[in-house]
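The values are calculated or read from the model by the stated rules, or taken from the named source; none is laboratory data. The structure displayed is predicted, hence computed values, not measured ones. Here Cβ is always computed from backbone atoms with ideal geometry, including for glycine, and neighbour counts include all displayed protein chains. Ligands, DNA and RNA are stripped out before the accessible areas are found, and what is left, the full protein with its side chains, is counted by its heavy atoms. Shrake-Rupley method; radii C 1.70, N 1.55, O 1.52, S 1.80 Å.
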Amino acid sequence: MHDDGPTLDAPTRAALELAHGVLSAARRVTVLTGAGISTDSGIPDFRGPNGVWTRDPDAEKYSSIDHYLADPELRVRAWRFRMENPAWTAVPNDGHHALVELERSGRLQLLATQNIDGLHVAAGSDPELVVEVHGTIRGAKCTSCGWRGEMGPVMDRVRAGDPDPPCLVCGGVLKSATVFFGEHLDPIDVERAFDAASDTDVMLCIGTSLAVYPIAQMVPLALRGGARLVIVNAEPTPYDEAGVAVHAPISEVLPRLVS
Ligand code: NAD
């Protein structure tokens, strides 16, 4: 393992050492990432101390399908919010790159992410091994006819002065290709994530509060299948006691963990 550096306290260094041992012994690692892996790329999480929802509880409604469909004014605000998403200009950080290293070592079984920013693939992770369970802001879809396409041209229409651009096929309400509250996850994505978790040596959870279901269900499934659990997250999660939890900055410790 790399030098622990001066920034971590003794209990965190001990947890990191333990987690490194667990990961080094694993042949197959299944990963679940959340918003915390992208905060060092300048994209705030939702529930952390500087989270989008922590600072502006109203922002949660932009991701609620019922509010979104019922309220045209909210949609106008949601389109503006989408345009200002820091993900459009963000670049991957050392945390994303560390998972590319893990893949190169041949041990990565699947990388399930709750993130919608596309940064794992931008870092070089194999798209075949990445499952974006909550979708992507880089795509758009119609809530009426099911049309799907690139987000870029839709955003161009917003920039050109249409504050809530309708579907060009059927006139329906457009949204990003992300999974809103009240919408279903793609069952194929969920099955891939659950299958990988159920049959793995290590379940590695990074930058997620493990509060969003059904995807957090990967953890109990992995434990039931006999996997060891490693969590890297600044704040405690409900599953810390079931495995090794490293409470430290992701982009600092993840490269050491997978080395
Ligand atoms: P969350 O906001 O619930 O939890 C993020 C966790 O990461 C927090 O517990 C926080 O303490 C931790 N964290 C933040 N920065 C960290 C860092 N640098 N080092 C270590 N820990 C750090 O996020 P979630 O569990 O992913 O669930 C939120 C939902 O929000 C997801 O469904 C996701 O789709 C969406 N979301 C995505 C993005 C994105 O695409 N980047 C950003 C915000 C929210």
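Observations on the model:
- Hydrodynamic estimate: the Kirkwood radius of region 168-259 over Cα pairs, inserted into Stokes-Einstein at 37 °C and 0.692 mPa s, corresponds to D of 219 µm²/s.
- In region 123-259, Cα pairs under 8 Å separated by at least six residues give a relative contact order of 18 percent.
- Extension gain, residue 91 back to residue 234 (0.36 nm per residue minus Cα-Cα distance, nm): 49.4 nm
- The accessible surface of the chain, taken with every protein chain in place and a 1.4 Å probe, is 53 percent carbon and sulfur.
- Per-residue ³J(HN,Hα) for region 204-212, Karplus 6.51 cos²θ - 1.76 cosθ + 1.60, θ = phi - 60°, Hz, x for Gly and Pro: 10, 10, 10, x, 9, 6, 6, 10, 9
- No Cys partner within the rule (Cβ under 4.7 Å), the chain: 205
- Surface exposure of region 187-259, expressed per residue as accessible area with a 1.4 Å probe, stands at 40 Å².
- Cα-based Rg and Dmax for region 17-96, where Dmax is the largest Cα-Cα distance (Å): 17.2, 53
- The chain: translational diffusion in µm²/s, Stokes-Einstein, Kirkwood Rh over Cα pairs, 10 °C, 1.306 mPa s: 83
- Per-pair calculated FRET efficiency, R0 = 45 Å: residue 66 and residue 105 via Cβ, rounded to 0.05: 0.55
- Rounded to 5, the percent of DSSP beta bridges in the chain classed as antiparallel: 30
- Computed over protein heavy atoms with a 1.4 Å probe, the accessible surface of region 1-154 works out to 48 Å² per residue.
- Most tightly packed first, judged by the mean number of other beta-carbon atoms within 10 Å of their residues, the peptides 131-138, 236-243 read 131-138, 236-243.
- Placing +1 on the Cβ of every Lys and Arg and -1 on the Cβ of every Asp and Glu, with no other charges, gives the chain a dipole of roughly 360 debye about its Cα centre.
- Debye, to nearest 20: dipole size of region 1-148, +1 on Lys, Arg Cβ, -1 on Asp, Glu Cβ: 500
- Relative contact order [Cα under 8 Å, 6+ residues apart], region 21-85, whole percent: 13
- In range of the label at residue 164: residues from region 68-108 whose backbone nitrogen is under 11 Å from the point 7 Å along Cα→Cβ: 68-79
- The calculated P(r) of region 62-192, using every Cα pair and 10 Å bins from 0, goes 12, 39, 31, 15, 3 in percent.
- Look at the alpha carbon pairs under 8 Å that are at least 6 residues apart: their mean separation over the length of region 52-194 gives a relative contact order of 23 percent.
- Taking the chain as a Gaussian network of alpha-carbon nodes connected by springs under 10 Å, the highest mean-square fluctuation of the residues 188, 37, 206 belongs to 188.
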